[in-house]
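Enquirer: Okay, handing you the structure first.
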Amino acid sequence: MAILERTITGNFSHIVEHLHNSILNGSASASYEEGSDFTMGSARVAIRMYERYSWTGGNRVAMSVTVVGEGNRVHVTAITAGGSQAMFLKLNTFGEESFLDTLAQALDGL
């Protein structure tokens, strides 16, 4: 597994849309699997699950993205999994790290 966390400033809805589009446009095999949006008090939360095929690993990699916003403060947490073909060890995490890099680049572009 690989993880990325960042706290940024901006419009919650714009950030969620930008990240969604960047992930889907970042790979021909990327797909949006499911998501959930809710509000708790003044905080907004968007949870998204994506998958893509990893050519290096020869398998599919999943990425969960959680975006929490209150006012113009937004926290993004992304976790990838599934990039290894080994039974007991994680031998190849290139696919996971590459998928996470797609999100990091999207965040850098905000």
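The values are calculated or read from the model by the stated rules, or taken from the named source; none is laboratory data. Note that the coordinates shown come from a computational prediction; the quantities given were computed from them, not determined experimentally. Reconstructed Cβ throughout: ideal geometry from the backbone, glycine too, with neighbour counts over all protein chains shown. Side chains are part of the model used for accessible areas, which takes the heavy atoms of the whole protein and leaves out ligands, DNA and RNA. Shrake-Rupley method; radii C 1.70, N 1.55, O 1.52, S 1.80 Å.
Enquirer: Assign unit charges at the C-beta atoms only (+1 for Lys and Arg, -1 for Asp and Glu), then state the dipole size of the chain relative to its Cα centre in Debye, rounded to the nearest 20. List each step's numbers first, then the result.
Expert: Numbers: 7 positive and 11 negative charges, 16 e Å.
In total the dipole reaches around 80 debye.
Enquirer: In degrees from 0 to 90, rounded to the nearest 10, what is the angle of the helix 12-25 Cα long axis to the longest principal axis of the chain?
Expert: 20 degrees
Enquirer: Rounded if a/c is under 1.5, else prolate if a/b is larger than b/c, else oblate: which is the chain, with a ≥ b ≥ c the root eigenvalues of its Cα gyration tensor?
Expert: On the way: a/c = 2.20, a/b = 1.98, b/c = 1.11.
Verdict is prolate for the chain.
Enquirer: Here is a follow-up. At a 1.4 Å probe, what is the % contribution of carbon and sulfur to the accessible area of the chain? Let's see the in-between values first.
Expert: Working: 3420 of 6290 Å².
Carbon plus sulfur share of accessible area: 54 percent.
Enquirer: Write down the accessible area per residue of the chain in Å², having rolled a 1.4 Å probe over the full set of protein chains. Please list the in-between numbers first.
Expert: Working: 6290 Å² over 110 residues.
Roughly 57 Å² per residue, with all protein chains present.
Enquirer: Give the angle, between 0 and 90 degrees and rounded to the nearest 10, that separates the Cα long axis of helix 94-108 from the longest principal axis of the Cα atoms of the chain.
Expert: On a 0 to 90 degree scale, this one is about 20.
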